Amino acid sequence: MGAPERYEVEDRLKKFLANFRAERDPARSLRHIPADDRDKIERRVIAYFEAVHRASGMGHLDRRDREKMEAFRGGLDLIEIKSEHQADEIASALHTEMPWMAAATERVWHDLRSSVRRGDAGPRISPLLLVGPPGIGKSHWARLLGEHIGVPTTTIEATSEPASFAVSGSQRGWSSAEPGKAVQSVMASRIANPVIVVDEIEKAGSPQSTSGRSFDLAEGLLPLLERTTAQGWACPYFRVKFDMSWIIWVLTANSLQGLTQPFLSRCPPLELSSLSLEHLKGFAAREGARRGLPIDGVDAVQEVIDAIRRPQLLSLRNVLRLLDAVEVTVHQPVLH
């Protein structure tokens, strides 16, 4: 049962006062509570909630931030993998849809099966650093992983959000202060183990403030990627500790240039290869079938792939855009 609301505490005190007065003087009915008694009740209600906030470690938060923290009042859902068979099905689906991502799929498969054998409350997946040419579908694979596990996916573009604020948030007092996307994702979904993708992490750089302080995105990730520190991670915005150890981190990069050894030690890179024409055509067929596109439309996309004949000039993004065009054409209303 959750904590009582303010009006509930106030109502209880009013009823207690009415009953207390009635017991002392049965002939006197307390239909209306005098103004001075109402003031005393209000002061006691305020004192009660201030004491509750102090005990909870959130006494320093203002009303607006306390309301944001209401998302955690009833606890969070932790999506679990119930059996090794379910882990096998997830890995099989990922491999069928994107066979060239076999190294990443195999890593996740072993982690999922290990979690089931240990009896973990949810899947414990080690942070993944997927390194490979652009356009091979690293982020797409991460979104599929989230879909098959049954959790939401949040993407952080390191090129447009290069500072650590994007992940961990910023301290209150800044004009643009807000929680990081990791906390925002958990609060919005009320799920403790979302997939969070940091795309092109090697391009984040190291932004600095006017005082020379560095806000490196990869450095800001370090305590979140280590399970022991993630379990008691202190949010700089709320100044409250959260257990962020269930988050499934998928980091993508086109190369390892600029990534530090402390970062690489927390998520050893998985090297991925380029796409072949057969990979691209197979993906077009499977994705087209998943969308329910007509066979002739998918055949047209495959013919474009064949006509180019140089996979290095194509990417998964190109194939998805071609399929998008087919989908728009199919659903376009007929003009009479």
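Quick notes on this one:
- Phi-derived couplings, Karplus 6.51 cos²θ - 1.76 cosθ + 1.60 at θ = phi - 60°, listed residue by residue for the range 236-251: x, 7, 7, 6, 9, 7, 10, 8, 9, 6, 8, 4, 9, 8, 10, 10 Hz, with x used for Gly and Pro.
- The residues of the range 268-336 expose, per residue, 64 Å² of accessible area to a 1.4 Å probe.
- The shape of the range 242-313 comes out oblate: with a ≥ b ≥ c from the C-alpha gyration tensor, a/c is at least 1.5 while a/b does not beat b/c.
- Using the Karplus relation 6.51 cos²θ - 1.76 cosθ + 1.60 with θ = phi - 60°, the per-residue 3J(HN,Hα) values for the range 266-283 come to 7, 9, x, x, 10, 7, 10, 9, 6, 7, 9, 4, 5, 4, 5, 5, x, 5 Hz, with x marking Gly and Pro.
- All lysines inside 16 Å of K241 as judged from Cα atoms, apart from same-chain residues fewer than 8 positions distant: K68, K181
- A Förster radius of 30 Å combined with the Cβ-Cβ distance from A300 to N254 puts the calculated FRET efficiency at roughly 0.50.
- 3J(HN,Hα) along the range 105-116, derived from phi through the Karplus expression 6.51 cos²θ - 1.76 cosθ + 1.60 where θ = phi - 60°, amounts to 4, 5, 4, 5, 4, 5, 5, 5, 5, 5, 4, 5 Hz, with x in place of Gly and Pro.
- Among the protein heavy atoms of the range 217-327, carbon and sulfur supply 53% of the accessible surface, probe 1.4 Å, non-protein parts ignored.
- Spin-label model, T155/A285: points 7 Å from Cα along the beta carbon direction are separated by 2.6 nm.
- Taking amide hydrogens as placed 1.01 Å from N in the peptide plane, the amide H of T155 sits under 5 Å from those of V197, each at least 5 positions away in sequence or on another chain.
- Gain in span if fully extended, K14 to D77, counting 0.36 nm per residue against the direct Cα distance: 19.0 nm
The values are calculated or read from the model by the stated rules, or taken from the named source; none is laboratory data. This structure is a prediction, so every number in the text was calculated from the model and none was measured. Methodologically, a virtual Cβ is constructed for each residue, glycine included, from the backbone with ideal geometry; neighbour enumeration extends over all protein chains shown. Heads up: the accessible areas ignore ligands, DNA and RNA and are worked out on the full protein's heavy atoms, side chains in. Shrake-Rupley method; radii C 1.70, N 1.55, O 1.52, S 1.80 Å.
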